[in-house]
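The values are calculated or read from the model by the stated rules, or taken from the named source; none is laboratory data. Keep in mind it's a predicted model, so treat the numbers as computed, not measured. Quick reminder, even Gly has a Cβ in these numbers, built from the backbone with ideal geometry, and neighbours come from all protein chains shown.
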Amino acid sequence: FYLTPPQVNSILKANEYSFKVPEFDGKNVSSVLGFDSNQLPANAPIEDRRSAATCLQTRGMLLGVFDGHAGCACAQAVSERLFYYIAVSLLPHETLLEIENAVESGRALLPILQWHKHPNDYFSKEASKLYFNSLRTYWQELIDLNSGETTDVREALINAFKRLDNDISLEAQVGDPNSFLNYLVLRVAFSGATACVAHVDGVDLHIANTGDSRAMLGVQEEDGSWSALNLSYDHNAQNEHEVERVKMEHPKSEEKSLVKQDRLLGLLMPFRAFGDVKFKWSIELQKRVIESGPDQLNDNEYTKFIPPNYHTPPYLTAEPEVIHHKLRPQDKFLVLATDGLWETMHRQDVARIVGEYLTGVHHQQPIAVGGYKVTLGQMHGLLTERRARISSVFEDQNAATHLIRHAVGNNEFGTVDHERLSKMLSLPEELARMYRDDITIIVVQFNSHVIGAYQNEE
Amino acid sequence: AAGMFLRLLSDIQWRAAHPKWRRMTSSQRSTSTTAEPHPVSLPAQAQVVICGGGITGTSVAYHLSKMGWKDIVLLEQGRLAAGTTRFCAGIVSTARPVSIERKMAHYSNKLYQQLEQETGVQTGYTKTGSISLAQTQDRLISLKRIASSLNVMGIPCEIISPKKVVQLHPLINIHDLVGAMYVPEDALVSSANVSLALATAASRNGVQIHERTSVSHVTVQKGRVTGVETDRGRIQCEYFVNCAGQWAYELGHSGEEPVHIPLHACEHFYLLTHPLKEPLSSSLPTVVDPDGRIYIRNWQGGILSGGFEKNPKPLFTEGRNQLEIQNLQEDWDHFGPLLSALLRRMPGLEALQIMQLVNCPESFTPDMRCIMGESPTARGYFVLAGMNSAGISYGGGAGKYLAEWMVNGYPSENVWPLDLKRFGTLQSSRTFLRHRVMEVMPLMCDLKVPRWDFQTGRQLRTSPLYDRLDAQGARWMEKHGFERVKYFVPPGKDLLDLDHSKTFYKPDWFDIVGSEVKCCKEAVCVIDMSSFTKFEISSTGDQALESLQYLFSNDLDVPVGHVVHTGMLNEKGGYENDCSIARLSKRSFFMISPTDQQVHCWAWLKNHLPDDSNLIMEDVTWKYTALNLIGPRAVDVLSELSYAPMTAEHFPSLFCKEMSVGYANGIRVMSITHTGEPGFVLYIPIEYALHVYNEVMNMGQKYGIRNAGYYALRSLRIEKFFAFWGQDLDAFTTPMECGREFQVKLEKGMQFLGQEALLEQKQNGVYKRFTMFILEDHDTDMDLWPWWGEPIFRNGRYVGKTTSSAYSYTLERHVCLGFVHHFDEKTGEELVVTTDFINQGEYEIDIAGQRFQAKAKLYPFSSLFTQRRRKDEVELSGYQRE
């Protein structure tokens, strides 16, 4: 039994989403041409999440992928809330005041974010009030703190990450009179999620990463070839600095038990994450919350289980590592993806495949002769070449989909093997997770002309 | 290197301007003597206002002023010859498939040739000749058909071998060619300068030309043009001519009373190159490679090559107005296949340097023919537009015909195939036009075999029985938007195979239609003929009868219940329409005309009937479904269904009665079948259509009833020598010329339109005669089939052309109908055609260059029909249509 190519396509394309940024939105010339995103589930339901939004009160665009574990609750909450925390952290004092006054007097709120969502990317209605109140408390504190300094993006990102994780923790400790919400905040806190977020504003690209998702820049070399530039470090056992950091934060007596089998306390793969209060709270706090919590929580063996050698919490943080990069004209695209992609593909291959895909599409743009010396034969050769390229990438209109097709279907020669693709996609739910992880990808395409112009200004 | 090259190209796309082209055209323009913007203010009134300063507008102005009309204003929104005309490839070619188009192109060629001498404006006229290439045998056949037609027009033309092609044009790769057609007198011109020359001559003749003046709309009062509103004020006028090219549709719709001009623009691409190392001679023939979809002409030492791609890009569907045609984007990827075809045809051009890819919009029409004539709703509103990328070839001739039309009331040639009134509002939908022109543009190059049909814009008008018939295997063709059955594929036949019936030879439906014909002859068949145009004309007093008696040549003062076949003639006695009229009561008439008469006939009647509120005319086409019951057993079916005796004694031929059929009452039954076979046509109010059809089919079962289509009908009518309006009959044919004196009542006691002309013909004789030809040595299985338009030779001399043809299953021979002329052997002058002249000749019909012996007959084979003839079978030579 094989899936037909159209069946394969319908599975691969079910979650694809593309957004084209208007080159000039009335205020700014955007350095982002647009982005393609997609995700392919292995877990049922999928535990990955993705978000994309344009900041409306400040400049720039936010994009992020979130890889959940022990359920999807935390990844879902972070995907809904983190960008608001970042946006608020970036807002100038006056805007914060304006927003607070609007809320106070019941006036319409200034819109903060414009979301770019696939229809499957949902927000929970029930928790919105709760989330909003936490967010409001945050900006009220920011107003009180008024430092008078201009907001630094790096700091804003770090603050936002830490604050949101803190709020998740607090909400779970306080609980909620509504039993549904009460259970929800507990599930959010007891599950975990990594986050890899990009903030693009003109030539300033900031990547804030917590966990083992990855951001990678696709760079076109002068000879036309493609190379990958890492813009994040994985927070896991393979990262020596990360292992070092964890060890520094705990007494030497725990050195041996901190990282076992490449996992934190022998349990957790990512060394940084949202939620996961089991690695953050004291044992007493955990016990108290679980006991007073709803029955479903008590029945869950995982939540009740206290990690071994748990002496000096917290063992885990949501604080991101932020990397700033000045975009150059040769920086053509950015790939944000959860570890599901990076487990199967080397970043160099990712750079090449996306690069060739995008130039294939790019070359569909019209060519013009103008005053150049071109012969009929040269033009004919060029057009033939373009046609050939178009037909090979013709299947996918979305760079993320194209990448997933390769990630899942590549054979040993690095080309997509339909038979393999079909097999991988027709695995039954319970088996799928054994052969592959959830994959979520965002490919952001940059406008080299705009970036070049920015550079010249500086 | 290719990579670098790519980047260079994508970087320069930001620069939109094409300075080289601009400079080139302005240098061309500087040679002109007219056409600087008039500082003069617009006149307050004029006899004629022409909108559009392209080739068509200037040609109309030129010819009107030549014919003596002086009070003419030509308005151009931008500058003269700045639209499609400026970008036109400038090829004047007579190698066209339609007769009237060949005539227009031929005239244009002669006109342009002497234009420079006449006006002093350089037109760049060069007689280069043209070569049309055939890559397949079928293509060669279609070229041979054109060659036959050109030769009898006196235009030199020959079918040549690939070897000869190389001698004429050394660059052509001939390895895939089977032959070609060479037309040595085809020419090249600078289209903008031709237009400027025409404008120069017109302005010397008194035509006022105003550039940078836009017409906003045309005002119409009481159905007549009264004036034109422009951005520089109003001009009162009697005549308005819409020559606005691709904007003609929008301009037509801008007034309060819209004039529907169905055309739509498509992007059209052609390539200009730098000169070759050894520059091409300016006398090198133009090459048309229809199988490669391209044309190639010499241009300033290099080449100009464009084409008609399979996937055209329609534009301005939403109607984006703009002044001159801006340089549209060049689209090399789109042009790719045409470039491949060019390099395949001329591989030696690989190293030739590109100058520019020009993108210029061309307007196309729903049937690939241009649009001319007067609006059916606004008198004095004339149109000439929609040139389907042949504006230069047709411009001169089309302008002449339109000028004649305006000055004399009708052009000197039959232009019905181009008449605006062949269209109605139904072809005016932008969606329809967009889809249709996407089919039409590639069709410019596609091979057109007999009975080809459009595939887009279908299923617009249908009979209520459409689904029923379709489920029974109906195959459809379209006329005036109406779906009509060609034939029924019997169950079990291979359908796929049948759809590939595109051939110049015996088609695969031959046996299917044969069995339908047999059933019509021996039992009974039903043909859905609902597409007929149906009008009801009634009055409170005798006005209806009196007016119709004036408009129709036959006597309509017949007893109630009688049906009369009659022509609706013009002053020259020619057929404007050919119809059947039933007298429903003393004061009301039911008129049936061909499908495509809906707009034309309505306009004709509106224009000729007195303005009398007691005279009521209604178009009831949509109200009735028409079922034609053909065959000897029709009478049995109908009498069983109606419990009424239907035999000839009770229901004579050419009789009409309202009766009940099945449960349904008020069915108009007429004892005519349009084929000469016995039977009836039932005009059924549409809500009863399905019921009556079911009843007829159920009852008919025991009489062997079956469905039939129009192909069977055509075979039946042609073997009985029935002429069909629009195919055989036109405004230049009188009843005297087609053996229908008996449908003309010269002594009916009152004057009628065309009477004088007919009287004169009766006295002096006719100059052409409708004749039936039976092909003698034609092998139906092996030989090319006749279609229509084949030259007729009498004693080896050309005497006329066929107008229709069909295989007669009764005679087991092909029958062609056509007109025989008598040209004086020395002077070529037309002489009277007598019966003896017809009977005493040896005839041949030329099918794609091959001549077949034919027997000429002026009367049908009576022996074929005597057994079933009723005593008053007046219908026999009666009216007919398909």
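Results, tabulated for the structure shown:
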read-out	value
In region B:324-371, residue nearest to the other protein chains (Cβ to nearest Cβ) [restricted to those that are among the acidic types (Asp, Glu) and without any contact (Cβ under 8 Å) to a residue 12 or more places away in the chain]	B:Glu350
Filter pass, A:Ser37 being in a helix (DSSP H, G or I) and either at pLDDT 95 or above or on the phi < 0 side of the Ramachandran plot (or both)	no
Unmet criterion (only one of (1) assigned to a loop (DSSP other than H, G, I, E, B); (2) within 30 Å of A:Gln455 (Cα to Cα)) for A:Asn309	(2)
Residue satisfying all of: in region B:679-726; surrounded by fewer than 23 Cβ atoms within 10 Å (Cβ to Cβ) and among the acidic types (Asp, Glu); farthest from the chain's Cα centre (by Cα) among these	B:Glu695
Condition check for B:Glu483: touching a strand residue (DSSP E or B) at 6+ places or on another chain (Cβ under 7 Å), among the acidic types (Asp, Glu), under 23 Å from B:Lys623 (Cα atoms) and crowded, with 21+ Cβ neighbours inside 10 Å	yes
From the options A:Gly370, A:Gly360, A:Gly377, residue that is within 7 Å of another protein chain (Cβ to nearest Cβ) and at pLDDT below 85	A:Gly370
Filtered residues of region A:25-53 (kept if of a type in the set (S, T, N, Q) and crowded, with 19+ Cβ neighbours inside 10 Å)	A:Ser30, A:Ser31, A:Ser37, A:Asn38, A:Gln39, A:Ser51
Residues of region B:358-416 classified as on the phi < 0 side of the Ramachandran plot and in a strand (DSSP E or B), total	16
Unmet criterion (only one of (1) modelled with pLDDT of 85 or more; (2) facing another protein chain (nearest Cβ under 9 Å); (3) surrounded by fewer than 19 Cβ atoms within 10 Å (Cβ to Cβ)) for A:Glu385	(1)
Yes/no for A:Gln57 being part of a loop (DSSP other than H, G, I, E, B) and touching a helix residue (DSSP H, G or I) at 6+ places or on another chain (Cβ under 9 Å)	yes
Verdict on A:Ser128 being closer than 22 Å to A:Gly340 by Cα, at pLDDT below 95 and not aromatic (Phe, Trp, Tyr)	no
Residues of region B:625-659 satisfying the condition of being among the small types (Gly, Ala, Ser), within 21 Å of B:Arg583 (Cα to Cα) and either at pLDDT 95 or above or crowded, with 18+ Cβ neighbours inside 10 Å (or both)	B:Ala626, B:Ser653
Only one of B:Asp777, B:Asp781 that is closer than 10 Å to B:Glu844 by Cβ and part of a loop (DSSP other than H, G, I, E, B)	B:Asp777
Residues being closer than 20 Å to A:Trp115 by Cβ and at pLDDT below 80 - total across region A:1-26	3
In region B:508-536, the residues that are more than 21 Å from B:Tyr693 (Cα to Cα) and not in a helix (DSSP H, G or I)	B:Asp508, B:Trp509, B:Phe535, B:Glu536
Boolean, B:Ser41 is more than 14 Å from chain A (Cβ to nearest Cβ) and either modelled with pLDDT under 60 or part of a loop (DSSP other than H, G, I, E, B) (or both)	yes
Qualifying residue in region A:2-20 (condition: of a type in the set (A, V, I, L, M), in a loop (DSSP other than H, G, I, E, B) and surrounded by fewer than 16 Cβ atoms within 10 Å (Cβ to Cβ))	yes
Qualifying residue in region B:383-395 (condition: in contact (Cβ under 8 Å) with a residue 60 or more places away in the chain, more than 22 Å from B:Met444 (Cβ to Cβ) and in contact with a helix residue (DSSP H, G or I) (Cβ under 6 Å, 6 or more places away or on another chain))	no
Which listed residue is in a helix (DSSP H, G or I), under 22 Å from A:Gln296 (Cα atoms) and within 19 Å of the chain's Cα centre (by Cα), from A:Ile158, A:Ile168	A:Ile168
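This table checks each residue for (1) more than 22 Å from B:Ser59 (Cβ to Cβ); (2) aliphatic (A, V, I, L, M); (3) surrounded by 24 or more Cβ atoms within 10 Å (Cβ to Cβ); (4) in contact with a Lys or Arg (Cβ under 7 Å, 6 or more places away or on another chain).
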{"site": "B:Leu357", "(1), (2), (3), (4)": "yes, yes, no, no"}
{"site": "B:Ser363", "(1), (2), (3), (4)": "no, no, yes, no"}
{"site": "B:Cys370", "(1), (2), (3), (4)": "no, no, yes, no"}
{"site": "B:Thr377", "(1), (2), (3), (4)": "yes, no, no, no"}
{"site": "B:Gly380", "(1), (2), (3), (4)": "no, no, no, yes"}
{"site": "B:Ile392", "(1), (2), (3), (4)": "no, yes, yes, no"}
{"site": "B:Gly396", "(1), (2), (3), (4)": "no, no, yes, no"}
{"site": "B:Gly399", "(1), (2), (3), (4)": "no, no, yes, no"}
